[in-house]
Amino acid sequence: MQRSQAIQQVPGNVTRLSGWGANLREDCWLTEPATSANVAEWLDRSGTIARGLGRSYGDAAINGGGQVIGMTRLDRQLSFDEASGTLVCEAGLSLEQIIRDFTPRGWFPMITPGTKFVTVGGCIANDIHGKAHHCQGSFSNCVDELTLLLANGEVVVANRTQNSELFWATFGGMGLLGVVLTATLRLRKIETSYFRQKSLKVADLDAMLQVLEEQDQVFPYSVATLDLFARGPRLGRGVVTVGEHAKRDELPSDLSRDPLRGFPKSRLTVPFDLPDFTLNPLSMRLVNAFIQRVQAGARPLGHFEGFFYPLDKLAHWNRGYGRRGFTQYQFVVPFSDGARCLREILTTIFSAGELPFLNVLKRMGKSTQSALSFPAEGYTLAIDFPMRKNTRALLQRLDAMVLDAGGRIYLGKDSFLDAATFRAMYPATDAWLATKAKYDPQGVFTSNLGRRVGLVAPRPSP
Ligand SMILES: Cc1cc2nc3c(=O)[nH]c(=O)nc-3n(C[C@H](O)[C@H](O)[C@H](O)COP(=O)(O)OP(=O)(O)OC[C@H]3O[C@@H](n4cnc5c(N)ncnc54)[C@H](O)[C@@H]3O)c2cc1C
């Protein structure tokens, strides 16, 4: 990697970084400050981006040939108000650590994605959503305040009344407005670490959408997994899983002795990238059948670990996709035309001969006022694709269908969306760019993703 004059002054190492999908690997200058003062002191003004635990699938937390600020050493808890459940913490703190420390005290993250190995800063930058988006909204709903390091070196407080434009634009802003240093979050009071849950087998897509709608009236948490080998009239067949935090008096006596039990650290790991031949139609059919069986067999009472974070049990599971990596394609389309669009997209995927894999279907609730926040009212489907020769071309065709249906792609998962399609999917981009011009006129905060979708200027050619 060619190191610029400016970067040579900054502590760090050349490190090959990727997103969780590992479909793009780039050499970056990784600087890992341990204090907020160091973040400010070591910021490379020729171009930089913050990085959390690297769980975004694509290139959001990569800045090829430039600086990446690894935030995970900034993980201190600064204060906690036991009466309101308000936690002030540094932005590199992980949800895993919050859960470890606060679940035994009866608190849990208000909103969580499908893995706990994410930082608070990453959750803010992607305005993440969880299985209860239809009734609880996205991460911004549990954040009262941020402190941000801006491009000019100033540290500012942003909340709903002070610097509110900056506050909202930071959610979904992909780290491109500044470095979040600290955040004030509200946690959720829980009586137990268990879930009251049930799963329902569903025969086809129409029934699937109907069951999801009915269950969303009853349960705050809901999610469906499609059987990706069901075609024709059975297209959309799958399992809906719903749940709610269990109350103490709902536990049997053996569990109620330790109602806030934590979870053991996982020892299972995929030690290296598996060879490409391990992913073939037969192995995928077997794993697909296994997943459907596990989902359908959910017990009436389970630990939150199994309900929220089933994939966290296997460390480095992304290596199972091999050296070429994979991508996750997640879109949301409005309810109005959603059924047709889902059917068309699934049919297109199957007829393209790709090997789609893990998937999640959900209903989303209302969007927030953040210009680039992904969640919007409608159906959201996320599907993993191992990278193969035609994967990218297929996803481009799907982009056009999603756009046509009035939907959009989630940048936190995306690797390939082009600038023109992105702009058409996110019509409030101009407002966000005006905020960017105000707070970062020189384009100090930049990333591969930012350049790809046109949120920041391309690099000048050497
Ligand atoms: C198994 C799995 C399940 C997932 N499930 C969901 C889900 O259900 N819902 C959902 O919404 N997402 C989901 N995700 C995606 C994940 O929640 C987001 O990508 C999240 O942002 C990752 O956090 P991170 O700390 O790893 O951030 P990174 O991936 O390292 O970075 C993500 C973005 O945050 C920015 N950033 C990080 N820290 C800071 C900071 N301190 N200041 C400013 N910007 C910062 C980066 O620049 C980048 O743009 C899932 C991911 C995985 C691997």
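The values are calculated or read from the model by the stated rules, or taken from the named source; none is laboratory data. Please read all numbers here as calculations on a predicted model, not as lab measurements. FYI the Cβ positions are ideal-geometry reconstructions off the backbone, even for glycines, and counts take in every protein chain you see. To get the accessible areas, we keep the full protein, side chains included, count just its heavy atoms, and leave off ligands, DNA and RNA. Shrake-Rupley method; radii C 1.70, N 1.55, O 1.52, S 1.80 Å.
Note on the stretch 313-388 and the stretch 155-174: Cα centroid distance 28 Å, given to the nearest whole angstrom. Under 1.5 on a/c is rounded, so check that first for the stretch 403-462, then, if it is not, pick prolate when a/b is larger than b/c and oblate when it is not; a ≥ b ≥ c are the square roots of the alpha carbon gyration tensor eigenvalues. It is oblate, given that a/c is not under 1.5 and a/b is not larger than b/c. By the gyration tensor of its Cα atoms, with a ≥ b ≥ c the square roots of the eigenvalues, what is the shape of the stretch 303-452: rounded for a/c under 1.5, prolate for a/b over b/c, or oblate? Verdict is rounded for the stretch 303-452.
Rounded to the nearest 5, what % of the DSSP beta bridges within the stretch 293-446 are antiparallel ones?
Antiparallel bridges make up about 100 percent of those DSSP assigns within the stretch 293-446.
In this structure TRP168 has an accessible area near 40 Å², from a 1.4 Å probe over the protein heavy atoms.
Only protein heavy atoms count here; under a 1.4 Å probe, MET401 has an accessible surface of about 30 Å². With all protein chains kept in place, the per residue accessible area of the stretch 1-132 amounts to 36 square angstrom at a probe of 1.4 angstrom. For the residue pairs LYS131/LYS413; LYS198/LYS413; LYS362/LYS389; LYS131/LYS247; LYS131/LYS313; LYS362/LYS436, alpha carbon separations beyond 25 Å are given by LYS198/LYS413; LYS362/LYS389; LYS362/LYS436.
Counting only heavy atoms of the protein chains and using a 1.4 Å probe, SER140 has close to 0 Å² of accessible surface. From helices alone, the chain scores -7500 deg cm²/dmol at 222 nm; the rule is -39500 (n - 2.57) for each run of n ≥ 4 DSSP H residues, then divide by the residue total. Taking the DSSP bridge list for the chain and keeping only pairs wholly inside it, about 85 percent are antiparallel. Summarising the amide proton neighbourhood of CYS28: residues at separation of 5 or more, or on other chains, whose placed amide H is nearer than 5 Å comprise THR15, ARG16, LEU17, GLY65. Ranked by solvent-accessible area (1.4 Å probe, protein heavy atoms only, all chains present), the residues LYS247, LYS389 order from largest to smallest as LYS389, LYS247.
Based on the Kirkwood radius over alpha-carbon pairs, what is the Stokes-Einstein translational diffusion coefficient of the chain at 37 °C with 0.692 mPa s viscosity, in µm²/s? Before the final figure, lay out the partial values.
On the way: Rh = 22.6 Å.
So the translational diffusion coefficient is about 145 µm²/s.
When only Cα pairs below 8 angstrom with a gap of at least 6 residues are kept, the chain shows a relative contact order of 17 percent. About the centre of its Cα atoms, the stretch 221-281 shows a dipole size close to 60 debye [charges on the beta carbon of Lys, Arg (+1) and Asp, Glu (-1) only; nearest 20 debye]. Against the criterion of solvent-accessible heavy-atom surface with a 1.4 angstrom probe, LEU205, LEU433 sort, most first, into LEU433, LEU205.
Would the stretch 212-279 count as rounded, prolate or oblate if I go by the C-alpha gyration tensor, calling it rounded below 1.5 in a/c and otherwise prolate when a/b exceeds b/c, oblate otherwise? Note, shape of the stretch 212-279 comes out oblate.
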